[in-house]
Amino acid sequence: MADIDSKSKHPLINANRVEGTEVYNPQGVKLGQIDSVMLDKRKGNVVFAVMSFGGFLGLGEKHHPLPWQSLNYDEKQDGYVVNLTKEQLEKAPAFDKGQDSRLTDEAFGRSVYTYYGAQPYWF
């Protein structure tokens, strides 16, 4: 498949280009980076962008699922912006590395969407 230039004004992007993209808050403070993108394989919706946050060399790192609609792409920063402080992120629903099966738990998914004030994708 042809690769779409990440600097293009076109709205499409390959998922592999999203992974590794930095995430900032509105003040420009780096919060983490997109670790993976989770899709609903039956409905075709992007459900979560999973952001890694904190830790050192992968130790103590938390994974935070963010509702896709909570992210805004900022061309100037070449990254995503989410309206959160580090303190809010520390209190957000998260899981440790290797516990991504939590994303399949509907109650956990609802808690994520509720925390971010987002409409759940399944409605």
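Only the coordinates and a few stated rules stand behind these numbers; no lab work does. Keep in mind the model is a prediction, meaning the values are calculated, not measured. Note: ideal-geometry Cβ built from the backbone for every residue, glycine included; neighbour counts use all protein chains shown.
Listing for the model above:
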quantity: In the stretch 34-123, trypsin sites (Lys or Arg not before Pro) in a DSSP loop with at most 10 other beta-carbon atoms within 10 Å; calculated: Lys41, Arg42, Lys43, Lys76
quantity: Hits among aspartates and glutamates - C-alpha to C-alpha of Lys41 under 20 Å, sequence gap 8 or more where chains match; calculated: Glu19, Asp100, Asp105, Glu106
quantity: Environment charge of Glu61, counting only residues whose C-beta is closer than 10 Å and scoring Lys/Arg +1, Asp/Glu -1; calculated: 0
quantity: Long-range Cα-Cα pairs in the stretch 29-123 (distance over 19 Å), rounded percent; calculated: 38 percent
